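J.: Can you read through this structure? Questions will come right after.
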Amino acid sequence: MNGESVTNSYLQCIVDCNAYEIPTMVVHLPSEDHPYNTLGVERVKRITEQAEQFNVNVAFENLRNFTNLSQVLDQVDSKRIGFCYDCGHHYRYYPSKDLLSMYGSRLMAVHLHDDNGSWEQHGLPFDGSIDWSTTMNQIADTGYTGATALEPMNWDYEELSIRAFLEKAFVKAKQLEELRLSNS
């Protein structure tokens, strides 16, 4: 898919989110290999206008794209444009950046997963090296009140049935929620 077709897809997603009363959608900006430029500014402007028109939040997720993400969040002043914090990507790609202090005031969504070993991300929380007490405290400090959303894959859990994997994920999501609420 080229950039224009991706942008058109995002514009349609905004319309769909509005139609189905979905308040926030998550969007991936290009990686550092594709720097934010004039064309990107124009596309983000179109996304922003559509988001404002349809009252849908667009949360840009941190991946291997810190420069692009920071330029969008620093340059676009709209209550409909914000941040999706992905803790696994944060610790994998930019552990020295304090993303939640920088952009926590614009936090609209979270993707929570651990660095579970063989794939280095997308494990179930508490199965890797992320300090969940600290992470959830930092999220609570932003004032975020949205869903505690996990983004695990079953790559290292293939011995579990899908049902068992989902049940385990649910228990861990509840633990994270308790940590966040106890730090609020």
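J.: Provide the gained length on full extension for the span Phe54 to Thr145, in nm with one decimal, where the gain is 0.36 nm per separating residue minus the Cα-Cα distance. Could you put the intermediate results ahead of the total?
T.: Values: separation 91, 0.36 × 91 = 32.76 nm, distance 2.18 nm.
Between Phe54 and Thr145, full extension yields an extra 30.6 nm.
J.: Continuing with the same structure: Let's see if you can work this out: charge +1 on each Lys and Arg Cβ, -1 on each Asp and Glu Cβ, no other charges. What is the dipole magnitude of the stretch 1-111 about its Cα centre, in debye to the nearest 20?
T.: Working: 9 positive and 13 negative charges, 29 e Å.
Around 140 debye, computed over the stretch 1-111.
J.: Okay, moving on. Could you put Ser161, Ser70 in order of accessible surface area, largest first, with the 1.4 Å probe and the full protein assembly present?
T.: Descending order: Ser161, Ser70.
J.: Using helices alone, what [θ] at 222 nm do you get for the chain, with -39,500 (n - 2.57) per DSSP H run of 4 or more residues, divided over all residues and rounded to the nearest 500?
T.: Calculated at 222 nm, the ellipticity per residue is -15000 deg cm²/dmol.
J.: How much FRET efficiency would the formula 1/(1 + (r/R0)^6) give for Gln75 and Asn183, where r is the Cβ-Cβ distance and R0 is 25 Å, rounded to 0.05?
T.: The pair Gln75/Asn183 has a calculated efficiency of 0.20.
J.: Next question, about the same structure. State the volume of the convex hull built on the alpha-carbon positions of the stretch 96-184, expressed per residue in Å³ and rounded to an integer.
T.: Measuring per residue, one finds 89 Å³ for the Cα hull of the stretch 96-184.
J.: Let me ask another. Take peptides 59-67, 138-146, 17-25 and line them up by average Cβ neighbours within 10 Å, highest first, as a rough protection proxy.
T.: Ranking the peptides 59-67, 138-146, 17-25 by packing returns 59-67, 138-146, 17-25.
J.: Okay, next question. Could you tell me what percent of the accessible area of the stretch 56-149 is made up of carbon and sulfur, with a 1.4 Å probe and every protein chain present?
T.: Carbon and sulfur atoms account for 44 percent of the accessible area of the stretch 56-149.
J.: Between (i) 117; (ii) 108; (iii) 129, which entry matches volume of the Cα convex hull per residue in Å³ as derived from the coordinates of this structure?
T.: Label (iii) holds the value from this structure.
The values are calculated or read from the model by the stated rules, or taken from the named source; none is laboratory data. The shown structure was predicted, so the numbers you read here are calculated from the model rather than taken from an experiment. We place every Cβ from the backbone using ideal geometry, glycine too, and count neighbours over all the protein chains shown. When the accessible area is computed, the model is the full protein with side chains, heavy atoms only, and any ligands, DNA or RNA have been set aside. Shrake-Rupley method; radii C 1.70, N 1.55, O 1.52, S 1.80 Å.
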